[in-house]
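Visitor: Quick one: structure below, then a few questions.
The numbers here are math on the coordinates, done by the rules we state, and not lab data. Quick caveat, the model's predicted, so the values are computed rather than measured. Backbone-built Cβ (ideal geometry, glycine too); neighbour counts: all protein chains shown.
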Amino acid sequence: MQANGAGGGQQPPPPQGPAGPELGCLGAQNGEASSGSAAGEQLAHANGLLPSAANSSGGSSISPGGLSVNNGVPAAGGPGSAAAELGGGGGSALKKKKRLSQSDEDVIRLIGQHLHGLGLNQTVDLLMQESGCRLEHPSATKFRNHVMEGEWDKAENDLNELKPLVHSPHAIVRMKFLLLQQKYLEYLEDGKVLEALQVLRCELTPLKYNTERIHVLSGYLMCSHAEDLRAKAEWEGKGTASRSKLLDKLQTYLPPSVMLPPRRLQNLLRQAVELQRDRCLYHNTKLDNNLDSVSLLIDHVCSRRHFKTKASTLSSTQPIVPTYCRGLRSVCGAPYMLQCLGIMRKQFPCYTQQILTEHCNEVWFCKFSNDGTKLATGSKDTTVIIWQVDPDTHQLKLLKTLEGHAYGVSYIAWSPDDNYLVACGPDDCSELWLWNVQTGELRTKMSQSHEDSLTSVAWNPDGKRFVTGGQRGQFYQCDLDGNLLDSWEGVRVQCLWCLSDGKTVLASDTHQRIRGYNFEDLTDRNIVQEDHPIMSFTISKNGRLALLNVATQGVHLWDLQDRVLVRKYQGVTQGFYTIHSCFGGHNEDFIASGSEDHKVYIWHKRSELPIAELTGHTRTVNCVSWNPQIPSMMASASDDGTVRIWGPAPFIDNQDIEEECSSMDS
C-alpha cells in the first residue's frame, strides 16, 4: 500500500486473514476515480458485505460471503493500476487526496454500518470505495456471513483467523461456546437429537467453560417439541432473529477496529440526546429512548408552546417571571432561560394553582398517595384531611377529615396499596393511628407504652407490616392490628424508611447518622454519617439515593450504595425545625424542599444552585410533596395554616418574556 497513491510500480495484493492490518482505511488514493476513467466500475466491492459483481482474478480474492479482500484498492493489472502513474507525472487517472484522519475514518465506518443496517448495501459499497475505508476486517466479514448462514464449522475456522486480533485469550473460548450453543439448539429444534448430543459431549463439554450452563443445556434434550424447547431456553428459534442476537453477543468480544459494536451510531446519538436532556434543568417529561421521538437536526430544547391567560387568573403572589429570572441567571444565564422557560411554564410546578385553607392551625405534613389520586395533610389542629385530586382539572377537593389526634399530626405514611394511612404525632406523642382510607374508619390506635415517642413510621413493601419509633430509645415492627412483631432497643429514632428488599430498615438517630437494621438476622450497619443532626430523610424509588435535611446545613444528597455525599444544595434556610424534602418529576430528576425563610426551593438533582424559589407562604414551609403520577403537581405545607398546590404557570407572550428578562439584566 502506498501513501496517497504516490509511487510507481504495481500494487501487491493486501494480506488476507488475520495477518491483515486492523486499520480502517486502506486505499492510498481513497479509491476515487476521475470522471474520465472506468476505474470505478472495476473496483471490487469495498464494504465486504455484498457479493462482487465480477470476481477478479488479478489478486483480489472474494470470500464466500462476498468480501473483497482488497477493500476497494484496485487489483494489479486492472484499470485501477493507473494509480501507479501518479508518481511519474503525466495524466493520472486518480486524484490525489488528503489522507483521512482517524476520526474521519471512524465516522465513515459508523455511517456505513448504519446504512448497511437499513439495507442500503450498494450505497455502503460506493462509500467504502470512494473513501478507501473498509467497514470491518475481512476475517470478521467472513465470520459474520457464516454465522448468519448457520455454517457453524466454517464459523469455528473463522475464529482461528480472528484469534490474533482478539485481545483477551479467554474471549475465543467464550465465542466458541456461544457458537456451539446455537448449533446445539438448532440441531434440537430440527429433531437431530444424536447430532445435538454429539455437540454437547464432544464439543461443548471439552471447553471446560460454564459447566452450569452445560447442565442446563443437557436438560433441553427432554423437550418433546420445538415450541417447548424455545419456551424453556427463552430462545427465538432457528433463523435470522436468534442468529442476529448471537452475533450481537459475539461482537462484544471483538475490538472495534475489527468489527464495530452493534448499532454503534444509534447508541452514540441516543447518548447525545440523553446528555442534552440531562443538561436541560427543567426537562420534566418521561424518558423516551426512541430516537424517532426527537429531531437530530437541532439541539434539545424543551417545548415552547405559548399559552395566553387573562390577568385576572393570575395569583396575587409575587410575579412568577422575575422569580424565574433570578433562579436561572444564577445557573445558566438569560439565553438558556429563554430556551427552558417554555417547559417551565408548560410542565413545571412553579405557580400556585390552589390554596387549601381548611386547616385551622399550623400544617406540619403533606403527602400524595402512591397512585397520585389523593393528598393527605396533617396539622397541629389534631386532624388529617384527605383530598381528592381531579384527574382532569388537577384541582383538589376535601374528601375526608380524620379527627382525634390529640397531639397533632406531624408525620403521615400511605400503605403501598393506598388503602391505609398511618399518622404520627410530635415528640411527646406516644400514640399512632392506622386509618382505613376507603371507609374513613380507625382500624388501629397503637401505644406500646406511655413512655414511648412514636413520631415516625414507614411501611414494609408487602403492605402487611410497618415500623414506627421515636426519640425515646426504641422502634417497633407491627402488623396492621398493631401487634408487636419485633423491636429494636436503644435507638433514638428521628426518621424511618423501609428498603425494597423487605428486610432492611433505615433509621436516622440522635448520633447524626443513618444506620441499616435487618430484622431477620438482627444485624445493623452504619450507612451515612453527618456532622450535624439529621432532621429528616427520604429515599429515591430505586433505593440508591438518600435526601437529607440536616440541621443548620440544608439539603444533602447521599449515594447509599457507595456511601458518599454526592451534593450539598444551596439556598434553603434550615435550622433545627423538622423540614421534609422530596424527589420529584419524571425520573425523579428534581428535588424540592421547604425552608424557614417561607419559600419552597427546587433544584435539578445535578445542580447545587436552585432553579426556582417559590414564594407565597408567610411562615416556615414544613413539608413538600411531589405528585408521583402527575409530574407537574406539587404540594407544600406551612406554619401559616395553608397548603399550596403548585402547577404549571400560564404562559405569556414571548415579547413580554423578552422584555421582562431585559429588565432583569439592566
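Visitor: Using amide H atoms built 1.01 Å from N in the peptide plane, name the residues 5+ places from residue 429, or on other chains, whose amide H lies under 5 Å from its own.
Guide: HN-HN under 5 Å from residue 429: 454.
Visitor: I've got another one for you. Quick check: Cα centre of the range 547-597 to Cα centre of the range 201-258, how many Å?
Guide: 48
Visitor: Among the aspartates and glutamates, select those whose C-alpha is under 19 Å from the C-alpha of residue 98, and discard any that sit fewer than 8 residues away in the same chain.
Guide: In chain and number order, the partners are 32, 85, 106, 130.
Visitor: Could you give the nm distance between label points at residue 576 and residue 360, where each point is 7 Å from its Cα heading toward the beta carbon?
Guide: For residue 576 paired with residue 360, the spin-label model returns 3.2 nm.
Visitor: Can you order the peptides 250-260, 123-133, 532-542, 164-174 by their average number of other Cβ atoms within 10 Å per residue, highest first?
Guide: In descending order of packing, they fall as 123-133, 250-260, 532-542, 164-174.
Visitor: Could you give me the ³J(HN,Hα) list for the range 439-447, computed from phi with Karplus coefficients 6.51, -1.76, 1.60 and θ = phi - 60°, whole Hz, x at Gly and Pro?
Guide: Once rounded to whole Hz, the list reads 9, x, 8, 7, 7, 9, 10, 10, 8.
Visitor: Further question on the same structure: Pull up all non-local amide H partners of residue 611: gap of 5 or more, or a different chain, and H-to-H distance under 5 Å with H placed in the peptide plane.
Guide: Close amide H contacts, sequence-distant or interchain: 602, 603, 604.
Visitor: Which order do the peptides 568-577, 217-226 come out in when sorted by mean C-beta neighbours inside 10 angstrom, highest first?
Guide: Values: 568-577: 16.9, 217-226: 13.5.
Order by mean packing, descending: 568-577, 217-226.
Visitor: Do the alpha carbons of any pairs in 400/541; 142/249; 232/503; 503/541; 208/238; 367/464 sit beyond 22 Å of each other, and which pairs? The partial results should precede the final answer.
Guide: On the way: 400/541 28 Å; 142/249 17 Å; 232/503 32 Å; 503/541 16 Å; 208/238 25 Å; 367/464 20 Å.
Correct reply: 400/541; 232/503; 208/238.
Visitor: Now, a different point. Across the range 390-395, in residue order, what do the Karplus-derived ³J(HN,Hα) couplings come to in whole Hz, using 6.51 cos²θ - 1.76 cosθ + 1.60 with θ = phi - 60° and x for Gly and Pro?
Guide: So the J values, rounded to whole Hz, are 6, x, 9, 8, 6, 8.
Visitor: Between residue 294 and residue 481, what is the label-to-label distance in nm when each label sits 7 Å out along the Cα-to-Cβ direction?
Guide: According to this spin-label approximation, the distance is 5.5 nm.
Visitor: Let me ask something else. Work out, step by step, the length gained on full extension between residue 619 and residue 586: first 0.36 nm times the residue separation, then minus their alpha carbon distance; give nm to one decimal.
Guide: On the way: separation 33, 0.36 × 33 = 11.88 nm, distance 2.92 nm.
Net length gain for the segment: 9.0 nm.
Visitor: Skipping prolines and chain starts, which residues have an amide H placed within reach, meaning under 5 Å, of the one on residue 443, given they are 5 or more residues away or on another chain?
Guide: Those qualifying (amide H under 5 Å, at least 5 residues apart or on another chain) are 434, 435, 436.
Visitor: In nm, what is the difference between 0.36 nm times the number of residues separating residue 210 and residue 154 and their Cα-Cα distance? Could the numbers behind the result be given before it?
Guide: On the way: separation 56, 0.36 × 56 = 20.16 nm, distance 2.34 nm.
Gain on extension, residue 210 to residue 154, equals 17.8 nm.
Visitor: So, one more: Suppose every K and R has +1 on its Cβ and every D and E has -1 on its Cβ; what is the size of the dipole of the range 511-649 about the Cα centre, in Debye to the nearest 20?
Guide: 180
Visitor: Taking only the alpha carbons of the range 172-266, what extent do you get along each of the three principal axes, in Å, biggest first?
Guide: 42, 28, 19
Visitor: Could you give the length gained on full extension between residue 441 and residue 263, defined as 0.36 nm per residue of separation minus the Cα-Cα distance, in nm?
Guide: Numbers: separation 178, 0.36 × 178 = 64.08 nm, distance 5.74 nm.
Net length gain for the segment: 58.3 nm.
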